[in-house]
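Here is the structure we will look at.
A short reminder: the numbers here are calculations on the coordinates, not readings from a lab. Bear in mind the structure is a predicted one, so any value in this text is a computation, not a measurement. Heads up, the Cβs are rebuilt from the backbone with ideal geometry, glycines too, and the neighbour counts pull from every protein chain shown.
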Amino acid sequence: MRFIRQVFDMLGYSPFDDLSNHANLCMKSIEILREIFERNDLSKVEELNEIEKEADRIKTKIMNNISSLILPVNRFKIYNLITIQDNIINTCKDLASFLKIRRIDLSNFRPLIEKIVEMSNEYKSLYNSLKEIVLKAFIKSEVDKVYERIRRIERIRDEYERLDIEVMRDLFRNKSPEDLIFIREIGSYFGRIVENISNSAKAFGFMLR
């Protein structure tokens with residue numbers, strides 16, 4: 001049971017700790033995005049830039065260290081997960097930067113960002129269970145709990161897609177052509193964030209197989 005933990009203690013490095021740290025930055029970037037939309041406040045864009053830089057450092061550290069490690073999972077699945085997961089932060093930063101182009105009332109997007117936060121919280125639960133999975137040597141009962149959380153993330157994604165239609169229908173009313181283009185682009189960024197979370201969750205589950 002403790003063999004995997006003892007191996008990491010002996011080698012002095014566990015990629016799972018850094019994967020969790022990277023995921024926490026992803027969740028933080030989504031929280032900052034929520035603040036931007038709730039308060040119509042673009043002052044936090046620079047904070048997202050700093051988060052992206054820190055996430056890149058963690059990603060590089062993982063890739064540099066796992067090439068020579070004996071791991072309980074395929075290292076290429078870890079590469080895949082960290083690469084897809086990194087897209088969450090990148091897309092949040094890109095959206096925040098895009099918002100500087102034109103000033104509109106961002107609070108109207110609140111239902112969508114709240115659903116993204118709900119999805120993000122479920123994603124965070126995957127990493128809350130990761131330490132237990134490692135401690136218990138990837139036993140099937142613990143891994144099965146992860147797959148149920150991934151299915152919940154997929155259900156929230158489906159809920160988001162239905163909500164997106166309703167919110168966008170309201171937002172498109174009585175808008176200028178320029179505003180319509182801008183709103184549609186924001187919706188596109190949101191869709192990418194949702195897909196990034198969904199794909200990261202799938203990659204997390206794939207890593208454990």
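Return, for the Cα atoms of the chain, the radius of gyration and Dmax in Å, separated by a comma.
Values for the chain (Cα only, Rg and Dmax): 18.7, 64 Å.
Restricting to DSSP H runs of at least four residues, report the calculated mean residue ellipticity at 222 nm for the chain, -39500 (n - 2.57) per run over all residues, nearest 500 deg cm²/dmol.
Value at 222 nm, helices only, nearest 500: -27500 deg cm²/dmol.
Which aspartates and glutamates have a Cα less than 16 Å from the Cα of residue 100, not counting those fewer than 8 places away in the same chain?
Leaving aside aspartates and glutamates fewer than 8 places away in the same chain, those within reach of residue 100 are 35, 38, 41, 46, 47, 178, 179, 185.
Tally Lys/Arg at +1 and Asp/Glu at -1 over every other residue whose Cβ is under 12 Å from the Cβ of residue 83; what's the total?
0
Pairs of Cα atoms under 8 Å, at least six residues apart: use those to get the relative contact order of the stretch 3-207, whole percent.
Across the stretch 3-207, relative contact order equals 31 percent.
Near residue 61, which lysines are there with a Cα under 18 Å away, not counting those fewer than 8 places off in the same chain?
Within reach: 53, 77.
Say R0 is 45 Å: what FRET efficiency, to the nearest 0.05, do residue 158 and residue 71 get from their beta-carbon distance?
For R0 = 45 Å, the calculated efficiency reads 0.85.
What net charge do the residues around residue 19 carry, taking every other residue with its C-beta under 13 Å from that of residue 19, with Lys and Arg at +1 and Asp and Glu at -1?
Local net charge: +3.
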